[in-house]
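Take a look at the structure set out below.
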Amino acid sequence: MAEADTTSEVQRPSAQELWEILKQVMDPELHMSVVDLGLIYEVMIDDNGLVTIDLTLTSPGCPVGPMIQGQAYHLLTQVEGVEDVEVNLVWDPPWDPRTMASDEVKLMLGIW
């Protein structure tokens, strides 16, 4: 009798699913999602379950940067299929809410 195959492929979340989860990360000063603010530049997941996020802050001296990075890390490490998370803080391109924020955020911030 043949031995049953006990290995199963781990289901990894898609980058789009991870973007949706990241909408829960709020900028504690503006009380808006970092995704809607346009602070998340890229989200990738590899075949080994390593998620890499490139994010920026509203300014280089933003005092809540570590808190935002920690929120993103904590949320994504709880997702089934995610083995580790690397949160990279990037400054290029510089954040510009006029072009990077959602229409809803622009309205809330009075940007048009």
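Of GLU20, GLU42, GLU29, GLU9, all but one fail to be free of Cβ contacts under 8 Å to residues at least 24 places away in the same chain and either of a type in the set (Phe, Trp, Tyr) or under 21 Å from GLU104 (Cβ atoms) (or both); the exception is GLU20. Total residues in the range 60-81 satisfying the condition of being within 23 Å of HIS31 (Cα to Cα), of a type outside the set (Gly, Ala, Ser) and not in a helix (DSSP H, G or I): the figure is 5. Residues in the range 91-112 that are more than 13 Å from VAL35 (Cβ to Cβ) and exposed (fewer than 14 other Cβ atoms within 10 Å of the Cβ): 12 in all. Could you say whether any residue in the range 45-59 is closer than 16 Å to VAL25 by Cβ and charged (D, E, K, R)? Yes, some residue in the range 45-59 is closer than 16 Å to VAL25 by Cβ and charged (D, E, K, R).
Residues of the range 20-33 include none that is in contact with a Gly (Cβ under 9 Å, 6 or more places away or on another chain) and either modelled with pLDDT under 95 or assigned to a loop (DSSP other than H, G, I, E, B) (or both). ASP84 passes every criterion in (1) in contact with a Leu (Cβ under 6 Å, 6 or more places away or on another chain); (2) under 17 Å from GLN24 (Cα atoms); (3) at pLDDT 95 or above; (4) not β-branched (Val, Ile, Thr) apart from (2).
Please specify each residue of the range 1-19 satisfying the condition of being in a loop (DSSP other than H, G, I, E, B) and either surrounded by 13 or more Cβ atoms within 10 Å (Cβ to Cβ) or at pLDDT 95 or above (or both).
Passing the criteria: ARG12, PRO13, SER14.
Name the residues in the range 75-104 that are within 20 Å of SER14 (Cβ to Cβ) and either basic (Lys, Arg) or out of contact with any strand residue (DSSP E or B) (no Cβ under 7 Å at 6 or more places or on another chain) (or both), would you? Hits for the range 75-104 are LEU75, GLN78, VAL79, GLU80, GLY81. For the range 26-68, a residue qualifies if it is within 20 Å of VAL79 (Cβ to Cβ) and loosely packed, with under 12 Cβ neighbours inside 10 Å, and the qualifying residues are ASP46, ASP47, ASN48.
The values are calculated or read from the model by the stated rules, or taken from the named source; none is laboratory data. Quick caveat: nothing in here was measured; it's all calculated off a predicted structure. Neighbour counts are summed over all protein chains in view; Cβ atoms, including those assigned to glycine, are modelled from backbone coordinates with ideal geometry.
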